[in-house]
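Comments concern the structure below.
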Amino acid sequence: MKKLLVLAIVLRVLVAAFLFHPDIKTFNFQASFLKKGVTDIYSYLIENRKTLPLKEEFVYFPLTYFVLGGYQAIASPVLGSGFDAWLGNADSNTAILNPNVFRYLLVLKLPYLILDISIAFLLLKFFDSGVMGKKAFIIWLFNPFTIFIIYAFGNIDIFPVFITLISLLLIKKEKLLLAALALGIAAGFKLYPLLFVPFLIFGGKSTKEKVLLGAIPFGIFGAISVPFLSQAFAQSTLISGLTTRIFNPGFAVGFGESIIVGLLLFSALFFGAWLTDKKPNMFNYWIVILLIIFSFSHFHIAWLLWIAPFVVILVVKKSFLSWPIFLLATASVVIPLLYQDRSMTISLYRAYSTWFDLLPTPFNAIERFYDPYNLQSILHTIFAGGALTISYLLFRKEKTQ
Amino acid sequence: MKKMIWLTTVSVLFLVFVVPAILASALKMIPVNIQPGYNSDIRLSIYKIRGFSQKFVAKTGNLTAIGTSIRNPNLKNKTDVIFSLYDNGNLIRTSVLNGQNLEDGSFVKFVFPVIPDSLGKEYIFTITSPGAGPEETIEVFIISEPESTSGITEYIYEEEVHPGGIPLVSYSQPESKLKTINSVYSSWLSRLLSPGSQKSG
């Protein structure tokens, strides 16, 4: 077990140090203002946009800023005196050719490593059977998908993913109020855990508990967000990726109205849970919500991490799903790699050589003989079909067991 | 489980150590210099007979492309932009791009068949857009002094000779895939192992 853990860490360190996605530099540049005493990063970035070398908004929720900024303050002796200058260097060539880049990447991704390994131990504890727990532990540590998604992309979604898994563990131990608290904290990093709340409410045994299960996560999220409420905050966070992509219209019903497919299925799931399920299995609902999101929205590769611990649990519980899930996982990772975005593929290797800027992206390469959008659509449709089948199996099996 | 551990270990090692070699072997040209800095407010317009000529000393053998930043305001130029390379007054290479493929301010490469013995030789190239009217002008950025890494010495605009020229990048065709792979790994390792690079301070 110890040897496996060491191997798992070595593999992660290699990807963390050498593969670079520019987002990690951008959000750490933004988080570096905490050291200078800035608490409302949303307004600060918009008010000082003209003078700042990097102009992007901070699209994450406040806890991400405070955790990343706090970590930078602690790690600054290791990062060294040139670190802040590197963060603020808007020249992508000189920034990536800085000989310290490997150390910066490794130190900045160290919290991810700690949480990633912690998730493996949470999964070990999730199962009552030691054999199943160990299987989950190994699958988490030795699947190429999460290593790539976490470390190549500098994926800060690991924070809410870790806390959401704690929430699921608390549900298993029937500590629903604490689970609700955990969801609220997770939403302080990123919004998506709030999607689980409507289903958590059905786990309550009394009306009072149900009200609390609904109120606690939103209350915590509100307490974290309210101090920063402003136009800048709304513009930066609420109008960013998740909300706009999930609620993308599906098909028109006339007079400017549309049916939003993802929301339609979410709503069907919600009312199904409410009206037909007397003892809702939270795990099933949560994983299906995420399958719906990935099936019917233009997702970012980082989002796939949200579902990863749940998928590991599912594969351990129902091993006959291993191969279908492996195929669907492969499709789901390949889809974003086909986006017209260099940083998804070739640019990850800029730390090796900026010469790779001359290479075409997979999108451009495919474009020469086939429509890459069509290929994305084919893969996404296949994924959606498989995801819907797995969702159906989850609930069918649940009822016949 | 053992198979999975092996598969993942091999996949990660492949991603980290082998993929860069594959990418390097796919390179058809490599840049010889980094694009010199320039003031974006100093520009020259190119349209109709108003062309631009640049004298430069090639810093590489196997010269195969010249790149620079070009403005195409409001993407109005949709005509041909012609790059002609001269050696001692003889036209030796041409490369044509269409204005509709020129995004405003984007970095553009004029690619031509390789010139094997180009190292150290002085060339002149022109950039013209004879089909463009005054409303469809394209613009190049100007550095007003000779620049040694790119090899620019002087330029001619409206029949006047000035020192400096455009912030250009020369590209050479790699001698062999193996040499390119070797260069990529050498550069990576030299930064990784450079003294003090992995120490704080």
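We did not get these values from a lab; they are worked out from the coordinates using the rules stated. Everything numeric in this text was worked out from a predicted model, so none of it was measured. Using ideal geometry, Cβ is built from the backbone for each residue, glycine included, and neighbour counts are taken over all protein chains shown.
Across the residues of B:16-27, average count of Cβ atoms on other protein chains within 10 Å?
Taking all residues of B:16-27 together, the mean is 4.
Only Cα pairs under 8 Å and at least 6 apart count here; give the relative contact order of chain B as a rounded whole percent.
Relative contact order here is 33 percent.
Starting from the Cα of B:K48, draw a straight line to each of the lysines and keep only those under 17 Å, dropping any in the same chain fewer than 8 residues away.
The reachable lysines, counting only those whose Cα sits under 17 Å from B:K48, are B:K76, B:K78.
Give me a single rounded figure for A:358-368: the average over its residues of other chain Cβ atoms within 10 Å of their Cβ.
The mean count of partner-chain Cβ atoms within 10 Å per residue comes to 2.
Could you rank the peptides A:290-297, A:317-324 by their average count of other C-beta atoms within 10 Å per residue, with the highest value first?
Ranking the peptides A:290-297, A:317-324 by packing returns A:290-297, A:317-324.
When only C-alpha pairs under 8 Å and at least 6 residues apart count, what is the relative contact order of chain A, in percent?
Values: 472 pairs, mean separation 72.9, N = 401.
Answer for chain A is 18 percent.
Under 1.5 on a/c is rounded, so check that first for chain A, then, if it is not, pick prolate when a/b is larger than b/c and oblate when it is not; a ≥ b ≥ c are the square roots of the alpha carbon gyration tensor eigenvalues.
Since a/c stays below 1.5, the shape of chain A is classed as rounded.
Arrange the peptides A:228-238, B:63-73 so that the one whose residues have, on average, the most other Cβ atoms within 10 Å appears first.
B:63-73, A:228-238
Could you tell me the center-to-center distance, by alpha carbons, between segment A:97-113 and segment A:285-349 in angstrom?
For segment A:97-113 versus segment A:285-349, the Cα centre distance is 26 Å.
When we measure straight from the Cα of B:K59, which lysines land under 24 angstrom away, once same-chain ones fewer than 8 places off are left out?
B:K28, B:K109, B:K121, B:K177, B:K179
Taking the Cβ of each residue in B:M29, B:M1 as the centre, tally the other Cβ atoms inside 10 Å and list the residues starting with the fewest.
The order, fewest Cβ neighbours first, is B:M1, B:M29.
For peptide A:347-353, what's the mean number of Cβ atoms from other chains within 10 Å of each residue's Cβ?
What the average comes to for A:347-353 is 6.
Once you have the alpha carbon radius of gyration of segment B:6-132, what is it after dividing by 2.2 N^0.38 Å, with N set to its residue count?
Values: Rg = 18.7 Å, N = 127, 2.2 N^0.38 = 13.9 Å.
Compared with the compact-globule rule of thumb, segment B:6-132 sits at 1.35.
For segment A:1-141, divide the Cα radius of gyration by the Kirkwood radius and give the resulting Rg/Rh value with two decimals.
The Rg/Rh ratio comes out at 1.06.
For segment A:190-301, what does the alpha-carbon gyration tensor say about shape, rounded, prolate or oblate, given a ≥ b ≥ c as the root eigenvalues, a/c under 1.5 as rounded, and a/b over b/c as prolate?
oblate
Based on DSSP H runs of at least 4 residues, each adding -39500 (n - 2.57), what is the mean residue ellipticity at 222 nm of chain B after dividing by all its residues, to the nearest 500 deg cm²/dmol?
-5500 deg cm²/dmol, from helical runs alone.
Using only the Cα atoms of segment B:72-155, build the gyration tensor, take square roots of its eigenvalues as a ≥ b ≥ c, and label the shape rounded, prolate or oblate: rounded if a/c is under 1.5, else prolate if a/b is larger than b/c, else oblate.
On the way: a/c = 2.14, a/b = 1.57, b/c = 1.36.
Since a/c reaches 1.5 and a/b is larger than b/c, the shape of segment B:72-155 is classed as prolate.
If I take every Cα pair under 8 Å that is 6 or more residues apart in segment A:249-401, average their sequence separation and divide by the length, what percent do I get for the relative contact order?
It rounds to 23 percent for segment A:249-401.
Sequence neighbours fewer than 8 away in the same chain don't count; with that in mind, list the aspartates and glutamates whose C-alpha is under 14 Å from A:K279.
Output for A:K279: A:E174, A:E398.
For segment A:116-263, please report how many Lys pairs fall under 28 Å Cα to Cα, leaving out neighbours fewer than 8 apart on the same chain.
Close lysine pairs under the 28 Å cut-off: 28.
Compute the acute angle (0 to 90°) between the alpha-carbon long axis of helix A:2-18 and the principal axis of greatest extent of the alpha-carbon atoms of chain A; round to the nearest 10°.
For A:2-18 against chain A, the angle is about 50 degrees.
With everything on Cα atoms, drop me the angle between helix B:177-192 and the longest principal axis of chain B, reported from 0 to 90° to the nearest 10.
70
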